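Below is one structure; the comments refer to it alone.
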Amino acid sequence: MSEKSKPDILGLLSFGFFLILVGAIFSTNPNLPGEIHDFLQDLTLQEIYPGVKFFAPASSHLGLYAAAFNFSLALAIFNVLILALRFAFREPWGRRASTASSIFFWSGAVFSLSWLSNGAIDWFTFLGCILTFFGGSIVLGGAIRLATLNRVIPAKAQRI
């Protein structure tokens, strides 16, 4: 069985943790569905550039931001553990790269949500930060894959 055809047990573990985390966030924040509803109802079109409008909340939603912060923090920490396990189990570099890029994104979300909650940044700056961390996570994953490409190709060449 090749490495690519082996099941991603740690990926399944991560998905299970994600589901547990979603349940825990909603269980510990019983008002969260209402807060999500209020947030969506509060979205209005705001001008971000002359002639360009985009949706933004008219007011701050600290309870929702706190729940998103806790969710992001838990995922960032859990992904650090998963990455350590991927190295310990000598999993393929593609899986390690994917987990590292997840750590980068969720850590960025933690910082961005913290800044948004504290009023250090506005909604549009927050969206810009999230996009930056999303793009950065893609670049990081690609860079790791590219840097480890030489390690992967000789192993495949030896099997042929």
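Taken together, the values in this text are just the output of simple stated rules run on the coordinates, not laboratory data. What you are looking at is a predicted structure, and each value in this text was computed from that prediction instead of being measured. In this analysis, Cβ positions are derived from the backbone assuming ideal geometry, glycine residues included, and neighbour counts consider all displayed protein chains.
Quick notes on this structure:
- Charge dipole (debye, nearest 20) of segment 1-134; +1 at Cβ of Lys and Arg, -1 at Cβ of Asp and Glu: 680
- Degrees between helix 32-42 axis and first principal axis of the chain (Cα, 0 to 90, nearest 10): 60
- Entry note, the chain: the mean residue ellipticity at 222 nm calculated from DSSP H runs of n ≥ 4, each adding -39500 (n - 2.57), is -25500 deg cm²/dmol after division by the residues and rounding to the nearest 500.
- With the convex hull of the Cα atoms taken as the outline of segment 49-93, the averaged projected area works out to 5.9 nm².
- Altogether, the Stokes-Einstein calculation at 37 °C and 0.692 mPa s, with the Kirkwood radius of segment 1-73 over Cα pairs as Rh, returns a diffusion coefficient of 215 µm²/s.
- Rounded to the nearest 10 degrees, the angle from helix 149-159 to the longest Cα principal axis of the chain is 40 degrees.
- Two-site label geometry, Lys53 and Lys6: point separation in nm, points 7 Å out along Cα→Cβ: 5.5
- Phe134/Leu13 FRET efficiency (R0 30 Å; Cβ-Cβ; nearest 0.05): 0.80
- Note on the chain: Rg/Rh from C-alpha atoms, Kirkwood Rh, equals 1.08.
- Between Leu81 and Thr125, the C-beta separation translates, for a Förster distance of 30 Å, into a calculated FRET efficiency of about 0.45.
- Span from the segment 113-152 Cα centroid across to the segment 6-36 one, whole angstrom: 21
- Taking the chain as a Gaussian network of alpha-carbon nodes connected by springs under 10 Å, the highest mean-square fluctuation of the residues Ala109, Ala68, Ala143 belongs to Ala143.
- Helix 93-117 and the longest principal axis of the Cα set of the chain meet at an angle near 20°.
- Segment 111-140 residues near the modelled Gln46 label - backbone nitrogen below 11 Å, point 7 Å along Cα→Cβ: 121-127
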